[in-house]
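Please read the structure below before turning to the comments.
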Amino acid sequence: MSSTSTSRPLLCLLCLALLFYSAISELCNPQDKKVLLKIKQAFNNPYILSSWNPKTDCCYWYTVTCDSTSHRINSLSIIAGNPSGQIPPEVGDLPYLTILEFHKLSNVTGHIQPAIVKLTHLNFLRLSWLSLTGPIPDFLSKLKNLTFIDFSFNQLSGSIPPSLSQLPNLNGLHLDHNKLSGPIPSSFGNFPQGIYMFLSHNQLTGSIPSSFAHMDFSYIDLSRNKLEGDASVVFGSNKTTQIVDLSRNLLKFNLSKVVFPKSLPSLDLNHNDIYGGLPVELTTLNLQYLNVSYNRLCGQIPVGGKLQSFDYSNYFHNRCLCGSPLSSCK
């Protein structure tokens, strides 16, 4: 028998062994791989997903990660690419996802995908800077592991579901830059302490919930809405709030009676209907930013602390506020 005829079976065996080794060495779960390829197709095979090649291990594909032990897909994060169409329902078929992020994809349209409710392990959900429309779904309250929600910079409309306050671990809520209307739910006074809450640039109406008196927000931004009434419930001596932005609303309350958190470095109240004077207590705060312009404040700006370090434009267009950096009081 010739050496050539002997080597051919060996070569075939070697090829089969390599194919077998390749098959068993792939970490990616085959079901997860099928789901990801369906998502790619639903998004019209965008360039950002070009690494999603069915011949390669999906644990090494761009924009996804696998759990180091189970090798199931636990993160899908597509940022600043060119996918188009609606969020495919197949995202709900990646049962071990903890992170789902679609960000700065202006050609992604439609409603928030209902199939997301199946992702019971999810703790980080960002669908921001897309072109989403429709309401914020009530089903989000069922995803008890969520710590972060970001739906900012979309075209979402309707009211904010009160059930979001049922998320026991939420520490960040970004619903800003949408078309949301109606009141801020009073149940939002039941959020975990220290939450970051951004509701700015919407069409929210009504008053700030009295339940906020019991809340200690790290950062609260309610600016550029149509909120009315008393905002003093946001403040309090025992709170540790870092940033408060209530600017460009219709708020009306006596600022001189407000007790501020000692921790507060940034306060923006411009363009409201706030009256009274600036409390002397403001001189004791380590303020890095302050804007009370375009209100109905009166009296002398207290001397001390950081108050004279701000530009006159941070104080002007008030009823009769005076003193440095404005003109002297008569």
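The values are calculated or read from the model by the stated rules, or taken from the named source; none is laboratory data. Bear in mind that the values here come from a model prediction, so they are computed numbers and not experimental data. Positions of Cβ are backbone-derived with ideal geometry, glycine not excepted, and every protein chain shown enters the neighbour counts. Note: accessible area is taken over every heavy atom of the protein model, side chains too, but ligands, DNA and RNA are not part of it. Shrake-Rupley method; radii C 1.70, N 1.55, O 1.52, S 1.80 Å.
A few notes on this one:
- Of all beta bridges that DSSP places with both ends in the chain, some 5 percent have antiparallel geometry.
- Axis angle, to the nearest 10 degrees, between helix 3-25 and the longest C-alpha principal axis of the chain: 20 degrees.
- 5 Å-binned pair-distance histogram of the stretch 34-121 (Cα, whole percent): 3, 14, 26, 29, 19, 7, 1, 0
- Surface share of carbon and sulfur [accessible, 1.4 angstrom probe, percent] for the chain: 55 percent
- Put GLU101, GLU26 in order of accessible area, highest first, and with a 1.4 Å probe you get GLU26, GLU101.
- Cα gyration tensor category, rounded, prolate or oblate, for the stretch 102-216 with a/c compared to 1.5: oblate
- Taking θ as phi - 60° and the Karplus parameters 6.51, -1.76 and 1.60, the scalar couplings of the stretch 318-330 work out to 10, 5, 7, 6, 8, x, 3, x, 7, 5, 5, 6, 8 Hz in sequence order, x denoting glycine and proline.
- Crossing angle, helix 30-42 versus the chain [Cα axis fit, 0-90 degrees, rounded to tens]: 60 degrees
- The mean sequence distance of close C-alpha pairs (under 8 Å, at least 6 residues apart), as a share of the length of the chain, puts its relative contact order at 7 percent.
- The local environment of GLN193, defined by Cβ-Cβ distances under 15 Å, has a net charge of 0 under the rule Lys, Arg +1 and Asp, Glu -1.
- By a 1.4 Å probe calculation restricted to protein chains, LYS144 has an accessible surface near 90 Å², given to the nearest 10.
- Local charge for SER218 was computed over the other residues whose Cβ lies under 14 Å away, with Lys and Arg +1 and Asp and Glu -1, and equals -2.
- Accessible-area order (highest first, 1.4 angstrom probe) of the listed residues HIS174, HIS214, HIS317: HIS214, HIS317, HIS174
- Alpha-carbon Debye profile of the stretch 237-290, log10 I(q)/I(0) at 0.24 Å⁻¹: -1.04
- Computed label-point distance, nm, for sites SER51 and VAL259 using a 7 Å Cα→Cβ extension: 5.4 nm
- Take every DSSP beta bridge whose two residues both sit in the stretch 195-263; close to 0 percent of them are antiparallel.
- Distance between the stretch 271-329 and the stretch 119-174 - C-alpha centres, whole angstrom: 37 Å
- Per residue, the chain exposes 47 Å² of solvent-accessible protein surface, assessed with a 1.4 angstrom probe and all protein chains in place.
- Taking ASN44, ASN171, ASN249 as the candidate residues, the one with maximal mean-square fluctuation in a Gaussian network model of the chain, Cα springs under 10 Å, is ASN44.
- Hull-based mean projected area of the chain, where the convex hull spans the alpha carbons, in square nanometres: 21.3 nm²
- Karplus-based coupling profile of the stretch 197-206, in residue order and whole Hz: 10, 10, 10, 6, 6, 10, 10, 6, 10, x, with θ = phi - 60° in 6.51 cos²θ - 1.76 cosθ + 1.60 and x standing for Gly or Pro.
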